[in-house]
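The values are calculated or read from the model by the stated rules, or taken from the named source; none is laboratory data. Everything numeric here is computed off the predicted structure, so don't read it as measured data. Please note: Cβ atoms are built from the backbone with ideal geometry, for glycine as well, and neighbour counts cover all protein chains shown. Side chains are part of the model used for accessible areas, which takes the heavy atoms of the whole protein and leaves out ligands, DNA and RNA. Shrake-Rupley method; radii C 1.70, N 1.55, O 1.52, S 1.80 Å.
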Amino acid sequence: MKKRVLLKRVVALSISVILSISIVGAQVPQNIIFMIGDGMGLNHIYAAMTANHGKLNIERCSHIGFSKTYSANDYITDSAAGGTALACGVKTKNGMVGMSPDSTKLSSTLTRSGRIGKSTGIVVTSSVTHATPADFIANQDNRKKEEEIALDFMKSPIDVFIGGGLKFFKERKDGKDLTKELEKKGFRVATTMEEVKNVKRGKLAGLVAQEALPKANEGRGDMLSEATQKAIELLDKNKKGFFLMIEGSQIDWGSHANDASYTLAEMLDFDKTVGIVLDYAQKQGNTLVIITADHETGGLTIKDGDLKKGDVEVRFETIKHTGTLVPIFSFGPKAEEFIGIQENIDIPKKIIKMWNLEK
């Protein structure tokens, strides 16, 4: 009799566990935090892991996949086309921002999220008008049109953006001061990180450098992690949820320069921010985190290393982008959607489907 009772309890417990797993798998995330390590390949990650004595926050992600990065007109994508694919779910020509190859304007996941009442944000270490953040905001046929991209911010549903690029809003060829227009739209315009940290509610335009921020190993400090914390704090006030894109912009730049110390400092800075995001997602339980790259830069290879000492010797094969697969890490509700090898455009398509953003 006791064995039968015990067996029934085991069966009941097993059914309960299966049902709870099914419910978690079926749960739609309220928030999505999309992190892009610009130029970040697998070897970048393991080199940074070695430099950090064998450990990174990104390892906490529960699911891993890979993305094909080629653009509509080139086996090797640039950041504009790679970012458009990740933002809008369409492969386009190199150099184009938020537009299809035939110059049709596209709607990004950020724009679509704003339309359904979710709060939206961007945090980057480049100018906010640079290729990747621009792909989530703007529609331009050339990534170099940064003043035109700044104008596109005026039409976007974005609530919080923090990065560089003040000159494209304030020192313009057309004489317009877009910071005044932002204030009329209800934004608090902050030009230092201290001002950013003092904002407690509402819309925030944090334009904290004339163009890009300094390098991580040359005085930028904890800007990326602090700006991320502030963005989450402000966006989290919306009960309908939020979409936040965070870019480690200068991983790419360090790799273009074939500068190992620059690249590794940017990687570790990005991973520190990954830790903050995962802490939030783990605590909330309703937030999907997606971490990927638009492409790999530099053809970085690891020649030797010492995990105990935190020493790593790397070599770059090129100063350009490469065509290799890049990783996708995911955590939280629906994380399982991003395992396996897929096209870069599949990532936003899955976001669009889970949030019903087709319109």
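Using a Gaussian network model of the chain with C-alpha springs under 10 Å, which one of Glu226, Glu181, Glu147 is most mobile by mean-square fluctuation?
Glu181
Is region 49-95 best put as rounded, prolate or oblate by its Cα gyration tensor, with a ≥ b ≥ c the root eigenvalues, rounded for a/c under 1.5, and otherwise prolate when a/b is larger than b/c, oblate when not?
Note, shape of region 49-95 comes out prolate.
Give the ranking of Ser62, Ser113 by solvent-accessible surface, highest area first, calculated with a 1.4 Å probe.
Descending accessible area places them as Ser62, Ser113.
Taking Lys239 as the anchor, which aspartates and glutamates have their alpha carbon closer than 20 Å to its alpha carbon, excluding any fewer than eight residues away along the same chain?
Asp159, Asp279
I want to check the label-to-label distance for Lys200 and Ser261. Put each point 7 Å from Cα in the C-beta direction and report it in nm to one decimal.
Between Lys200 and Ser261, the simple spin-label model gives 4.3 nm.
Taking all protein chains as present, what is the carbon and sulfur share of the accessible area of the chain, in % to the nearest whole number, probe 1.4 Å?
Ligands and nucleic acids excluded, carbon and sulfur give 53 percent.
Could you tell me how far the Cα centroid of region 137-189 sits from the Cα centroid of region 261-317, in Å?
Value for the Cα centre distance between the two parts: 30 Å.
Rg over Rh of the chain, using C-alpha atoms and the Kirkwood radius, what does it come to?
1.01
Quick check on packing: order 295-306, 152-163 by the mean number of other C-beta atoms within 10 Å, highest mean leading.
Ranked from most to least packed, the peptides come out as 152-163, 295-306.
Treating the angle as unsigned and between 0 and 90°, give the value, to the nearest 10°, between the Cα long axis of helix 42-51 and the longest Cα principal axis of the chain.
With both axes taken from Cα atoms, the answer is about 80 degrees.
For labels at Lys155 and Glu183 in the simple 7 Å Cα→Cβ model, what's the distance in nm?
2.5 nm
Could you check what % of the DSSP bridge pairs in the chain are antiparallel, to the nearest 5?
Just about 35 percent of them are antiparallel.
Out of residues 5 or more away from Gly248 or on other chains, whose amide H comes under 5 Å of its own, with H placed 1.01 Å from N in the peptide plane?
Amide H to amide H, under 5 Å and 5 or more residues apart or across chains, Gly248 pairs with Ile36, Gly37, Asp38.
Using modelled backbone amide H atoms (1.01 Å from N, in-plane), which distant-in-sequence or interchain residues come within less than 5 Å of Leu307's amide H?
Close amide H contacts, sequence-distant or interchain: none at all.
Please tell me the relative contact order of region 197-326 in percent, rounded to the nearest whole number, where contacts are Cα pairs under 8 Å and at least six residues apart.
21 percent
Within region 269-359, count lysine pairs with alpha carbon atoms under 27 angstrom apart where the residues are 8 or more positions apart or belong to different chains.
Lysine pairs meeting the criterion: 18.
Normalised by the number of residues in the chain, what is the relative contact order in percent for Cα pairs under 8 Å and 6+ residues apart?
Values: 844 pairs, mean separation 106.8, N = 359.
RCO, the chain: 30 percent.
Could you state the angle between the C-alpha long axis of helix 260-284 and the longest principal axis of the C-alpha atoms of the chain, as a value from 0 to 90 degrees rounded to the nearest 10?
So the helix axis and the longest Cα principal axis differ by about 50 degrees.
Less than 19 Å from a label point 7 Å out along the Cα-to-Cβ axis of Asn142: which backbone N atoms in region 95-113 qualify, by residue?
Once the point is set 7 Å along Cα→Cβ of Asn142, 95-105 turn out to lie under 19 Å by backbone N, inside region 95-113.
Determine the per residue accessible area of the chain with all protein chains present and a 1.4 angstrom probe, expressed in square angstrom.
43 Å²
What is the spread of the Cα atoms of region 73-200 along each of their three principal axes, largest first, in whole Å?
Its Cα atoms span 44, 35, 22 Å along the three principal axes.
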